[in-house]
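The structure appears right after this line, and notes come after that.
The values are calculated or read from the model by the stated rules, or taken from the named source; none is laboratory data. In this text, all values refer to a predicted model and were calculated from it rather than measured experimentally. Neighbour counts run over all protein chains shown; Cβ positions are idealised from the backbone, glycine included. Surface accessibility is based on the protein's heavy atoms, side chains included, excluding ligands, DNA and RNA. Shrake-Rupley method; radii C 1.70, N 1.55, O 1.52, S 1.80 Å.
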Amino acid sequence: MDLVALTEKIVKSIVLDTDAVSVKEFETEEENVMLIQVIVKEDDIGRVIGKNGRTANAIRTLVQASSALKENKYIKIDIDKF
C-alpha cells in the first residue's frame, strides 16, 4: 500500500469529518526522507494529535514500519489544521 494512502486511511478512521482530510506528499532535499503533510479541520486536530502526541506518534510508527518493508525511507509527518 502507498504510504500516503495508508496515512490517509488511518487519519480518516480517527476524525469526524472525513471529507475535510487532506494528505499530500512533498519532496525533501534529503534523498532518503519523505514528508507527508496531513491537514484536518480545527475540530479534529486534537483527535489526530492525541493526548501528549500519542496518536500522532502511533501514526508515524505505523507508516514508518510500512516504509521499512518496502521503500526503507525515513518518514516525516506534519499534522496541521485549516
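A compact table of results
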quantity: Breaking point among (1) touching a strand residue (DSSP E or B) at 6+ places or on another chain (Cβ under 6 Å); (2) open to solvent by 60 Å² or more (accessible area, probe 1.4 Å); (3) within 18 Å of L6 (Cα to Cα), for L69; calculated: (1)
quantity: Looking only at region 72-82, and only at residues there that are surrounded by 16 or more Cβ atoms within 10 Å (Cβ to Cβ) and touching a Lys or Arg at 6+ places or on another chain (Cβ under 7 Å), the one that is nearest to E29 (Cα to Cα); calculated: I75
quantity: Among the residues listed as Q64, Q37, the single one being under 25 Å from A20 (Cα atoms) and part of a strand (DSSP E or B); calculated: Q37
quantity: Selection status of K41, open to solvent by 100 Å² or more (accessible area, probe 1.4 Å) and free of Cβ contacts under 8 Å to residues at least 60 places away in the same chain; calculated: no
quantity: Meets criteria (aliphatic (A, V, I, L, M), at pLDDT 95 or above and under 11 Å from the mean Cα position of the chain (by Cα)) for I59; calculated: yes
quantity: The lone exception for E8 - which of (1) open to solvent by 50 Å² or more (accessible area, probe 1.4 Å); (2) in contact with a strand residue (DSSP E or B) (Cβ under 7 Å, 6 or more places away or on another chain); (3) part of a loop (DSSP other than H, G, I, E, B) it fails; calculated: (3)
quantity: Count of region 18-34 residues which are in contact with a strand residue (DSSP E or B) (Cβ under 9 Å, 6 or more places away or on another chain), modelled with pLDDT of 95 or more and open to solvent by 50 Å² or more (accessible area, probe 1.4 Å); calculated: 2
